[in-house]
Amino acid sequence: MDMINNFNKAMKYIDQNLENEIDFKKVSQIAGVSEFHFRKIFSYLSGTTLSSYIRKRKLSEASLDLINNKMKIIDVAIKYGYDSADGFTRAFKEWFGVNPSELKNYRDFKIYPSMTFQLTIRGGSNMNYRIEKKNPFKLVGVKKRIPIVFEGQNQEIMNIVQGITQEQRERLQSYRDTEVKTVINASYNFDDGVYEENGKLDHLIGSITTLDIDFGEFDVVEVPSHTWAIFSCEGQFPILMQDTHAKIVSEWLPSSGYELVDAPLISFNGDMSDLSNVYSEIWVAIK
C-alpha cells in the first residue's frame, strides 16, 4: 500500500508542475522507486505511457486557459512548454479534434483529468512464487522485434517458432547446462508504448546457458547476476500465464516491497500436449 500512496504523491507533484519542466529524479524520489520502475508500473496500471499522460494533461489545462482565461494561443503554448504556436496547435488539434482558435465556437468540450491509483483487493487466488539469486547466464536463440499481444496467441511468436529448423533446435538443446532444460521465451527492449499495445519489444526463443563458446548465427543476450521473483502456475494456456503476468505487475509488485530491474522477462512451459493443463514459470528480475 505504501507504493500506491507514494505513486499518488508523485502524480500530485507532476500535476502541480505541468507549467514547469518536470524533474523525473524528483518524481522517482517521491515514488520511492527508480524512474525505470515508476514508468513501467505507471504504463501497466494506466494503459498509457507517462509522457503521453503528461502531454494530454498539459493540453487539457491549456484548453481551460483558452476558454476560461481567454489567453492568447502563443501565451498558452509557451506556458505549457511548446516552442511555437504552430507546434502547440498541431498537438492540440491531434488531441482535441479542432484548432485552439476554433475552441470558443466548439460545443463539445473535452478534458483529461488527473490520475490517481488505488489497490483493489480481488482475493481468492494464490500466487505461487519464490525469490532466487542467480549467477550470470546467457540467453541464446532466435530473436525478432515484434508487437506485444496481451491476450491469446501472438502470431509473430509463432512465426519465430516455425522458422527454427530441426538442426537449430538440436543445437539449442545441447546448450542447456542449467536447471532449465526446455525452450525459453525472453522479452526485452520494450518500447514506451508497449502497454498501450502499440509498441514493440525484442522477443527471443531459445535456451538459458552458461557456456562460453561460439554460438554461430544465434542471437546472444548476456544477463548479469540478479535476484529473480519466479512465479509458477498450472492450467489453461496461454490464458492463465497471461493472467499471472498481469497480476504480478498490478497486484504483487505494488504490495511486495520489490521493484523491477531492467532485465529480460523470461518464461517457459512444461508439457504442451494438453493446453488445458500446462505448467509455466515467469521470471521477473527485482531488487
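Computed quantities for the displayed model
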| item | result |
| --- | --- |
| Every residue from the stretch 67-113 that is aliphatic (A, V, I, L, M) and at pLDDT 90 or above | I73, I74, V76, A77, I78, A85, A91 |
| Residues of the stretch 1-46 satisfying the condition of being crowded, with 17+ Cβ neighbours inside 10 Å, of a type in the set (A, V, I, L, M, F, W, C) and over 18 Å from G81 (Cβ atoms) | M3, F7, A10, M11, I30, A31, V33, F38, I41, F42, L45 |
| Pairs with Cβ under 7 Å, 6+ apart, first in the stretch 258-270 and under 21 Å from Q236 (Cβ atoms) and not assigned by TED's automatic domain parsing to the domain that holds K143, second of a type in the set (A, V, I, L, M) and part of a loop (DSSP other than H, G, I, E, B) | none |
| Residue match in the stretch 194-206 (condition: aromatic (F, W, Y), in a loop (DSSP other than H, G, I, E, B), assigned by TED's automatic domain parsing to the domain that holds K138 and in contact (Cβ under 8 Å) with a residue 40 or more places away in the chain) | no |
| Residue within the stretch 152-159 that is assigned to a loop (DSSP other than H, G, I, E, B), among the small types (G, A, S) and either modelled with pLDDT of 85 or more or exposed (fewer than 11 other Cβ atoms within 10 Å of the Cβ) (or both) present | yes |
| Neighbours by Cβ (under 8 Å, 6+ apart or cross-chain): first from the stretch 21-44, under 12 Å from F7 (Cα atoms) and assigned to a helix (DSSP H, G or I); second among the β-branched types (V, I, T) and modelled with pLDDT of 90 or more | V27/I14; E35/V27; F38/V27 |
| Residue count, the stretch 47-88 (criterion: assigned to a loop (DSSP other than H, G, I, E, B) and surrounded by fewer than 15 Cβ atoms within 10 Å (Cβ to Cβ)) | 6 |
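The values are calculated or read from the model by the stated rules, or taken from the named source; none is laboratory data. Everything quoted here is computed from the prediction, not taken from an experiment. Cβ: placed from backbone, ideal geometry, glycine included. Neighbour counts: every protein chain shown.
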